[in-house]
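**Student:** Supplied in structure tokens, the structure appears directly below.
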Amino acid sequence: MLKVIHTSNAPEAIGPYSQGIIAGDMLFASGQIAINPATGSVEADTIEGQTEQVMKNIAALLKEAGTSFDQVVKTTCFLKNMSDFAAFNNIYAQYFVSKPARSCVAAKELPKDVLVEVEVIAQV
């Protein structure tokens with residue numbers, strides 16, 4: 001049985017998808033970008049600011065699903081510029097202290113022209 005995860009503390013989906021789905025004991029969260037859910041806008045214009053907002057959005061989804069950063073088993077990270085890799089990692093490491101498996105790739109374009117998007121898979 002699948003359970004749809006939705007919280008107003010993370011951005012609304014900007015397409016035909018869910019914020020996250022729990023299947024069994026696993027959460028599959030859609031990619032999060034730097035939209036402030038309170039305003040519906042991307043406010044930060046640096047990789048650091050956008051990464052912080054992405055992490056807040058992920059935290060809200062994890063909380064709504066009844067899990068946390070330390071239960072994340074896999075992340076997929078998309079960066080607009082690989083030159084932002086070190087700055088992104090500095091903030092990412094503050095949240096993912098359990099060091100889940102990860103892929104990180106450059107993407108030519110991301111929704112709303114953001115600099116970063118992160119999706120997670122977590123145990124619930």
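**Student:** Which of the following residues is open to solvent by less than 20 Å² (accessible area, probe 1.4 Å), under 23 Å from VAL105 (Cβ atoms) and among the hydrophobic types (A, V, I, L, M, F, W, C): VAL73, VAL54, VAL42?
**Tutor:** None of the others qualify; the one that does is VAL54.
**Student:** When region 1-16 is examined, which residues are found to be hydrophobic (A, V, I, L, M, F, W, C), open to solvent by 50 Å² or more (accessible area, probe 1.4 Å) and closer than 19 Å to VAL118 by Cβ?
**Tutor:** ILE14
**Student:** For GLU64, are the conditions met, namely being open to solvent by 70 Å² or more (accessible area, probe 1.4 Å) and either over 18 Å from GLU119 (Cβ atoms) or under 10 Å from the mean Cα position of the chain (by Cα) (or both)?
**Tutor:** Against the criterion (open to solvent by 70 Å² or more (accessible area, probe 1.4 Å) and either over 18 Å from GLU119 (Cβ atoms) or under 10 Å from the mean Cα position of the chain (by Cα) (or both)), GLU64 does not qualify.
**Student:** In region 1-39, how many residues are β-branched (Val, Ile, Thr), touching a residue at least 12 places away in the same chain (Cβ under 8 Å) and more than 21 Å from LYS80 (Cβ to Cβ)?
**Tutor:** Matching residues across region 1-39 total 5.
**Student:** Turning to a different aspect of this structure: Kindly list the number of the only condition in (1) over 20 Å from ILE35 (Cα atoms); (2) of a type outside the set (S, T, N, Q); (3) open to solvent by 50 Å² or more (accessible area, probe 1.4 Å) that fails for ALA106.
**Tutor:** The one condition ALA106 does not meet is (1).
**Student:** Quick one: how many residues across region 17-33 are surrounded by fewer than 18 Cβ atoms within 10 Å (Cβ to Cβ) and in a loop (DSSP other than H, G, I, E, B)?
**Tutor:** 4
**Student:** Specify the residue that is nearest to GLN53 (Cα to Cα); the eligible residues are those in region 71-102 that are hydroxyl-bearing (Ser, Thr, Tyr) and touching a Phe, Trp or Tyr at 6+ places or on another chain (Cβ under 9 Å).
**Tutor:** Once the filter is applied, the top-ranked residue is TYR95.
The values are calculated or read from the model by the stated rules, or taken from the named source; none is laboratory data. Keep in mind it's a predicted model, so treat the numbers as computed, not measured. Don't worry about glycine lacking a Cβ; one is built from the backbone with ideal geometry, like all the others, and counts go over all protein chains shown. These accessible areas exclude ligands, DNA and RNA; they are computed on the full protein's heavy atoms, side chains included. Shrake-Rupley method; radii C 1.70, N 1.55, O 1.52, S 1.80 Å.
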